[in-house]
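The block underneath contains the structure these notes are about, expressed in structure tokens.
The values are calculated or read from the model by the stated rules, or taken from the named source; none is laboratory data. Given the structure is predicted, the values throughout are model-derived calculations rather than measurements. Positions of Cβ are backbone-derived with ideal geometry, glycine not excepted, and every protein chain shown enters the neighbour counts. Surface areas here come from the heavy atoms of the whole protein model, side chains and all, with no ligands, DNA or RNA. Shrake-Rupley method; radii C 1.70, N 1.55, O 1.52, S 1.80 Å.
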Amino acid sequence: MVYILPMERPQPTIPVDGAAIRTRRKDLGLSRDQCATAAGISGPYLSQLETGARRDMRPPTYTRLRTALQVPPDDRRLLAPAEDQHRKDTDGRHEGAERPHPDHPD
């Protein structure tokens with residue numbers, strides 16, 4: 001007998017702007033390690049975000065980084081601009097539609 005397990009829905013990710021993350025960190029005078037520690041992430045992971053090697057974050061991690069960088073919840077400066085996304089949106093929005101804020105998806 002073959003059992004088919006239901007597939008789990010992948011967790012959502014938030015596209016971020018690595019250059020904006022780096023700029024904000026430097027504006028605050030934080031080293032990469034200081035910022036990473038405050039956000040509860042590793043220095044190499046933060047480096048990958050800042051250089052664009054990684055472009056997406058899970059919502060809880062994004063929230064911790066945003067908090068470490070003293071960016072208010074309604075401020076979108078760390079998010080990748082919609083026109084810079086190099087992948088097809090999968091949340092049902094049509095091209096050019098505004099992306100919902102990560103903390104307020106509705």
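Is there a residue in region 2-12 that is closer than 16 Å to Tyr62 by Cβ, surrounded by 15 or more Cβ atoms within 10 Å (Cβ to Cβ) and not aliphatic (A, V, I, L, M)?
No - not one qualifying residue is present in region 2-12.
Does Thr90 fit the bill of being modelled with pLDDT of 95 or more and either of a type in the set (S, T, N, Q) or out of contact with any helix residue (DSSP H, G or I) (no Cβ under 8 Å at 6 or more places or on another chain) (or both)? Break it down stepwise before answering.
Numbers: modelled with pLDDT of 95 or more: no; either of a type in the set (S, T, N, Q) or out of contact with any helix residue (DSSP H, G or I) (no Cβ under 8 Å at 6 or more places or on another chain) (or both): yes.
It is false that Thr90 is modelled with pLDDT of 95 or more and either of a type in the set (S, T, N, Q) or out of contact with any helix residue (DSSP H, G or I) (no Cβ under 8 Å at 6 or more places or on another chain) (or both).
Of everything in region 63-83 that's in contact with a helix residue (DSSP H, G or I) (Cβ under 8 Å, 6 or more places away or on another chain) and in a helix (DSSP H, G or I), which residue is least open to solvent (accessible area, probe 1.4 Å)?
Here the answer is Leu65.
Identify the residue in region 13-49 that is basic (Lys, Arg) and without any contact (Cβ under 8 Å) to a residue 40 or more places away in the chain and, among all such residues, is surrounded by the fewest Cβ atoms within 10 Å (Cβ to Cβ).
Going through region 13-49, the residues basic (Lys, Arg) turn out to be 22, 24-26, 32.
Those still in the list that are without any contact (Cβ under 8 Å) to a residue 40 or more places away in the chain too: 22, 26, 32.
On the way: Arg22: 17, Lys26: 13, Arg32: 16.
Applying the filter and picking the extreme gives Lys26.
Would you check if there is a residue in region 95-104 being part of a strand (DSSP E or B) and modelled with pLDDT under 95? Before you say what the answer is, go through the steps one by one.
Residues of region 95-104 part of a strand (DSSP E or B): 101, 104.
From what is left, the residues that are modelled with pLDDT under 95 are 101, 104.
Yes - at least one qualifying residue is present in region 95-104.
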